[in-house]
Every structure is written in structure tokens, then in C-alpha cells.
1. Pick from 95, 110, 82: which is surrounded by 11 or more Cβ atoms within 10 Å (Cβ to Cβ), in a helix (DSSP H, G or I) and either at pLDDT below 90 or not aliphatic (A, V, I, L, M) (or both)?
2. Could you count how many residues in the stretch 95-123 are out of contact with any Phe, Trp or Tyr (no Cβ under 7 Å at 6 or more places or on another chain) and either in contact (Cβ under 8 Å) with a residue 60 or more places away in the chain or closer than 23 Å to residue 78 by Cβ (or both)?
3. Which condition from (1) at pLDDT below 85; (2) assigned to a helix (DSSP H, G or I) is the one that residue 100 breaks?
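The values are calculated or read from the model by the stated rules, or taken from the named source; none is laboratory data. No experiment lies behind these values; they were computed from the predicted model shown. Quick reminder, even Gly has a Cβ in these numbers, built from the backbone with ideal geometry, and neighbours come from all protein chains shown.
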Amino acid sequence: MSSSPPSSNPSFSMSAYMIPSNQHSYDSDDEVASLPSESTTESDLETLSDDYSDAEAEWRESIEQLELLLTMVLVPFIGKYMGRKCAYWSWTRFMTWKYPVEVVVRSPGMFKAAGAIEAAATL
């Protein structure tokens, strides 16, 4: 078997994923010098800070809107729903204690839906 240098073997010297280094003779300084230069001025920094402050203001406005949604819609709705549920529960407990009456809810899903509809009706 004859031994050949590794550069003469095509499977080692060139691969589909390897680029031979002798084709690119650029110096790294030449590559950097050929790139366009851009300096950051004070007006660019002011524009960036203005954009940041605009984004900050929009973020705060969206947080305020979420807070209003919670305080004006969701909290009252949940409070009414839970209050009615508590009132129905306490009324059934009182009725079964005071009088010999048995309170039976035949359809719990319909009972919950009716409570949610009643709570949302006056909002």
C-alpha cells in the first residue's frame, strides 16, 4: 500500500462543508476596514431614549387598562357570584335547620349557570 500525503486525498483536503483557506487571502484588518463605519451621535442617543420612554409610557398605559379591567369588571362580577353562592348555601342551611325541609338542586350545572347569569345581568 502506498502512502500518500493527506493533501492529495480528496476526502480529507476538501469536504462539502469545508472551504479551502487558500481561496480567501483577505487580511482580517482589510475585512474590518471594508465594513461601513457608523458613529453614534447624541441625537441618536436621544432618539433611542425617546423610543424607550414611549415604550415605557405604552407599557404603563396597558398596565393601567388591565388594572381598570380587574377593578371595574372582574372583581365585582366574582364578588357578586361568590356572594350569591354563599347566600344560597347559608339560606339552605338555615331552612334545613329551622324547618324540616330538604333543599335539592337537581342540575348543579344549570344552578351555577343561572348564578353566573344573575351576577352578570346587573353589571
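1. Just a single option satisfies the conditions, and that option is 95.
2. Total satisfying the criteria: 12.
3. (2)
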